[in-house]
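Chemist: Got a structure here, written out as structure tokens. Questions coming.
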Amino acid sequence: MSELRVTFDGRAYGFQPGEIVRIGRSTDNNIVVADPTVSREHAYVVMAGTGWVYEDINGDRSFVAGRPVKQLPLSGATELRLAAPDGPVLRIEVLGAPGAAAPAAAALAHPPTQAVDPQAAGPGPAAPPPVVVTPPGPVPVAAGPPPGWQPGPPQPRQGQPGQAPPGAGPWPPQGPGQPPGQQPWPGQPGYPGAPAPGQFGPGQYQGQQFGPPQFGPQPGQPTSALGILIPSKSWLGNPGIQRWSSLLFILYGILPQIFIVLYSNSTSSTTPGWAYSLYIAPLWALVFWYLIRPGKAPLGPMIAAFTGIVVGVNILLPTLTLPWEEAVNTGQHSSVLLWIVGVGYPEELTKAIPVLVVAVVLRLSKVKLDTRAWMWLGCIAGLTFGVREAVGYTSLYVMLGNAVEHHEVLIVLNFALRVFTDGFQHAIWAGISGFFIGMGVNYRRRGVWLVLLGVSIPAVLHGLNDWSTTWSTQWGWIAVQALSILLFLGYAMSAASIERQVRRSPAFRGQSILLERPSSLIEPSET
């Protein structure tokens, strides 16, 4: 039996025959590949018979020499890339295997096309079986008609296997050369290469013999061009359309029209703000989920965290944020420091404190969440804050529209700004805080400093953003907002890389509850 060595990111892991080597982004795997493109449970390596075999769980998400593989017998050294042809590199070596074959890349480049008779190969040691990777392609069908075959007249669509169709004469037919009317359709018994009973082939379906294809409308099919182009009955019975996600898509598309019907006679100035801010917030939540890719997480803890954060932000906004901002009263000052202290910190703390409290509670409950999950939950805190804030501002713009003349366009633009991007702006800053809070919870040795840094970075950006709106030109405000988005994208795209470096550093690793050192880890110096 041969040992297995897997090398990833400069570290080698050793495994004995009989072990199951699990590979993926989840921290429960033997080989943790902290890359957002890699699945949480991506692949495994197992001893099958007398050799190791690599198995891709999802299919076509592992690559050798640029070609997708699902199952790969291992011999010698093989380099695989995960998730994409240029994805993270995994080197797998079978140690001590006698007569190790060439790397799998060579086998992929020149796959065998003909079986070899071992007795005809002559004396000498038998070569190990080649690595064969079958690319996806069309399913082969039965062989076509032999040379010289001429089609006979259509045969009836009746009859059972072994039973002669009406008027067919002797049965079964004997093959080509029979009298007209008794020639078999290609693929029926009697032709070389015809499919075995029970298999499919041209003119054969589950043992029933058919003649040539029948043209024209068939029973149960639309009989008109309009019925073909608009198959409404089949749509209504389509399981895909009946799924809850499809029905939710339909409802979401008609919500603005429903708002007009329900609220056109409303006298409350806050109604438009609530309706449209809540309409836009879920769309931003989906965008942030796609960008951050938090991966799979326990559904129960995620729902509890989501609910706790939304409730916490709504409690802290009137009890912490508003009193703090009224006490500082930044409206009468032009100092950037007062904007940071008087607006940035109170609003970012209002969003960060619920995330931190929920993270600590889950940690005490032994629930582990990925750092990117906390980043997304931070975005949820920001969207919640943004919806509450947008309602107040949009109510003001509605009232101004009734009182101020010649500013209709400006009022509409500001209304749209608050509805579409107020939650987005707050989610960008709160997502950065959520990333650092997740790092602080998972790497407690520097947890306090990570949390303080995570609150301070968005607080400074927030203060600069609001302070720049007091300038005579608004381009500074746009620049700060662009910088904030760039910083958020940086953390979202490099979260896995940052966490890998933190995991290696003794200054952070200490008491991590999320990423323990694997027992099978072999340090480079030990190899």
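The values are calculated or read from the model by the stated rules, or taken from the named source; none is laboratory data. Quick caveat: nothing in here was measured; it's all calculated off a predicted structure. Quick reminder, even Gly has a Cβ in these numbers, built from the backbone with ideal geometry, and neighbours come from all protein chains shown. For the accessible areas, the whole protein counts, side chains as well, though only heavy atoms, and no ligand, DNA or RNA atoms are used. Shrake-Rupley method; radii C 1.70, N 1.55, O 1.52, S 1.80 Å.
Chemist: How much net charge surrounds Gly87 when only other residues with a Cβ under 11 Å from its Cβ are counted (Lys, Arg +1; Asp, Glu -1)?
Modeler: Details: positive: Arg61, Arg81; negative: Asp35, Asp86.
Around Gly87, the surrounding residues sum to 0.
Chemist: Taking 7 Å along the Cα-to-C-beta vector as the label spot, tell me the Lys366-Val46 distance in nanometres, rounded to one decimal.
Modeler: Calculated label separation equals 2.8 nm.
Chemist: So if R0 is 22 Å, what FRET efficiency would Phe249 and Lys296 give, r being the distance between their Cβ atoms, rounded to the nearest 0.05? Spell out each step's value before the answer.
Modeler: Numbers: r = 23 Å, r/R0 = 1.06.
With a Förster radius of 22 Å, E is 0.40.
Chemist: Figure the gain on full extension for Ile315 and Trp449 (residue separation times 0.36 nm, minus the Cα-Cα span) and round it to one decimal in nm.
Modeler: Working: separation 134, 0.36 × 134 = 48.24 nm, distance 2.58 nm.
Length gained between Ile315 and Trp449: 45.7 nm.
Chemist: PRE reach from Leu283 (point 7 Å along Cα→Cβ): which of region 478-510 fall under 20 Å by backbone N?
Modeler: 485
Chemist: Enter the accessible area of Met47 (Å², nearest 10), with the probe set to 1.4 Å and all protein chains included.
Modeler: For Met47, the solvent-accessible surface is approximately 40 Å².
Chemist: Accessible area, 1.4 Å probe, largest first: how do Arg503, Arg388 sort?
Modeler: Values: Arg503 50, Arg388 85 Å².
Descending order: Arg388, Arg503.
Chemist: Using a 1.4 angstrom probe and counting only protein chains, how large is the accessible area of Ser75 in Å², to 10?
Modeler: Only protein atoms counted, so the area is about 30 Å².
Chemist: For Leu337 and Ser266, what is the calculated FRET efficiency with R₀ set at 35 Å and r taken between the beta-carbons, to the nearest 0.05? Walk me through the numbers on the way to the answer.
Modeler: Details: r = 42 Å, r/R0 = 1.21.
It comes out at approximately 0.25.
Chemist: Would you kindly find the accessible area of Leu338, with a 1.4 Å probe and non-protein molecules such as ligands, DNA and RNA excluded, rounding to the nearest 10 Å²?
Modeler: 60 Å²
Chemist: Mind listing the long-range amide H neighbours of Trp52? Cut-off is under 5 Å, sequence gap 5 or more, other chains count too, H placed in the peptide plane at 1.01 Å from N.
Modeler: Placed amide hydrogens put Leu74 under 5 Å from Trp52.
Chemist: Could you check the spin-label model distance between Thr469 and Glu326? Points 7 Å from the Cα along Cα→Cβ, value in nm.
Modeler: If labels sit at Thr469 and Glu326, their model points lie 1.9 nm apart.
Chemist: OK, next. Largest first, what is the accessible-area ranking of Ile485, Ile254 with a 1.4 Å probe? Don't skip to the answer; put the middle values down first.
Modeler: On the way: Ile485 50, Ile254 80 Å².
Solvent-accessible surface, decreasing: Ile254, Ile485.
Chemist: For the full complex of protein chains and a 1.4 angstrom probe, list Asp86, Asp9, Asp35 by accessible area with the highest value first. Provide the component values of the computation, followed by the final result.
Modeler: Values: Asp86 125, Asp9 65, Asp35 35 Å².
Greatest to least solvent exposure: Asp86, Asp9, Asp35.
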